[in-house]
């Protein structure tokens, strides 16, 4: 009896030792999948500018040049990262009833810090962006991520979500700002010295010359039109991807049916 019990215990131990690596591997796969999903959500599937249509006020008003768009993109991304991280760290001490005012105060604090830094080190860009720097506080993309994700997830995931959402928002800002500057002024990187210093004046590229600027591209109506084209392009790519997946699924079903018939 003792020998049997010992052998059974030994077998159980062996089974546990065999199962442990598999369970660790499965949990690692889950973590990797989560990081990929956060990236995919922020950059494409749930892009704050293209899908959620949040932050349109600065998106349409400031993106008349690439450098203006880059300045606002960097400021917004930095606020998203640090506010998500901070809110995730303090979530356990914030009650449900007062969470929104607390989140707004945290976001406003970081926006104020960034505004003061821009005032000190990039004064020209600070004047160019104007009221749209403090208006980052009211950007629904930031408060939305704080409420929907940062307050319910650990700090690393919250900071990474802020980075991906900020990158997704920044890509659209830069795409819109660059296209509007090229079409409206015929230049790219005009005013780079406002962000990078006097040495960046050499970065300015004159693609073609205008006798008069194309005002439709520079003014907010051009931003609406450009944004519409970008959203239409994303929807077209999503539709093509869905059609491709559907065709592959039907092909796979047909192959399985053929194999079943042969058997």
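Quick check, is residue 183 closer than 17 Å to residue 128 by Cα, more than 16 Å from the chain's Cα centre (by Cα), part of a helix (DSSP H, G or I) and at pLDDT below 95? Write out each step before concluding.
Values: closer than 17 Å to residue 128 by Cα: no; more than 16 Å from the chain's Cα centre (by Cα): yes; part of a helix (DSSP H, G or I): yes; at pLDDT below 95: yes.
Answer is no for this residue.
Only one of 130, 186, 144, 124 is touching a strand residue (DSSP E or B) at 6+ places or on another chain (Cβ under 8 Å) and surrounded by fewer than 18 Cβ atoms within 10 Å (Cβ to Cβ); which?
It is 186.
Of everything in the range 195-215, what is part of a helix (DSSP H, G or I) and modelled with pLDDT under 90? Give them in sequence order. Walk me through it before giving the result.
Just the residues of the range 195-215 that are part of a helix (DSSP H, G or I), to begin with: 195-196, 198-203, 215.
If the condition is that a residue be part of a helix (DSSP H, G or I) and modelled with pLDDT under 90, then 215 is the only one that fits.
Please determine, by comparing only the residues of the range 131-152 that are outside any helix (DSSP H, G or I) and in contact with a helix residue (DSSP H, G or I) (Cβ under 6 Å, 6 or more places away or on another chain), which one is nearest to residue 102 (Cα to Cα).
Initial filter on the range 131-152 (outside any helix (DSSP H, G or I)): 133, 139, 149.
Next, only the ones that are in contact with a helix residue (DSSP H, G or I) (Cβ under 6 Å, 6 or more places away or on another chain) stay: 133, 149.
Working: 133: 20, 149: 15 Å.
So, considering only residues that are outside any helix (DSSP H, G or I) and in contact with a helix residue (DSSP H, G or I) (Cβ under 6 Å, 6 or more places away or on another chain), the one nearest to residue 102 (Cα to Cα) is 149.
Here's the yes/no breakdown for (1) within 30 Å of residue 183 (Cβ to Cβ); (2) outside any helix (DSSP H, G or I); (3) free of Cβ contacts under 8 Å to residues at least 12 places away in the same chain:
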site	(1), (2), (3)
60	yes, no, no
64	yes, yes, no
86	no, no, no
100	no, no, no
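Considering the range 73-99 alone, what residues qualify as being in contact with a helix residue (DSSP H, G or I) (Cβ under 7 Å, 6 or more places away or on another chain) and within 22 Å of residue 49 (Cα to Cα)? First the steps, then the outcome.
Of the range 73-99, the ones in contact with a helix residue (DSSP H, G or I) (Cβ under 7 Å, 6 or more places away or on another chain) are 73, 75-89, 91, 94, 99.
Result: 73, 75, 76, 77, 78, 79, 80, 81, 82, 83, 84, 85.
Would you be able to tell me the number of residues in the range 186-209 that are in contact with a helix residue (DSSP H, G or I) (Cβ under 7 Å, 6 or more places away or on another chain) and touching a residue at least 12 places away in the same chain (Cβ under 8 Å)? Quick ask: steps written out before the conclusion?
In the first step, residues of the range 186-209 are kept if they are in contact with a helix residue (DSSP H, G or I) (Cβ under 7 Å, 6 or more places away or on another chain); the result is 187-195, 200-201, 207.
Applying the additional criterion that residues be touching a residue at least 12 places away in the same chain (Cβ under 8 Å) yields 187-195, 207.
Of the residues in the range 186-209, 10 are in contact with a helix residue (DSSP H, G or I) (Cβ under 7 Å, 6 or more places away or on another chain) and touching a residue at least 12 places away in the same chain (Cβ under 8 Å).
Which numbered condition in (1) within 14 Å of the chain's Cα centre (by Cα); (2) within 30 Å of residue 197 (Cα to Cα); (3) modelled with pLDDT under 95 is the only one that residue 80 fails?
(3)
The values are calculated or read from the model by the stated rules, or taken from the named source; none is laboratory data. Treat the numbers as computed from the prediction; the structure is a model and nothing was measured. Positions of Cβ are backbone-derived with ideal geometry, glycine not excepted, and every protein chain shown enters the neighbour counts.
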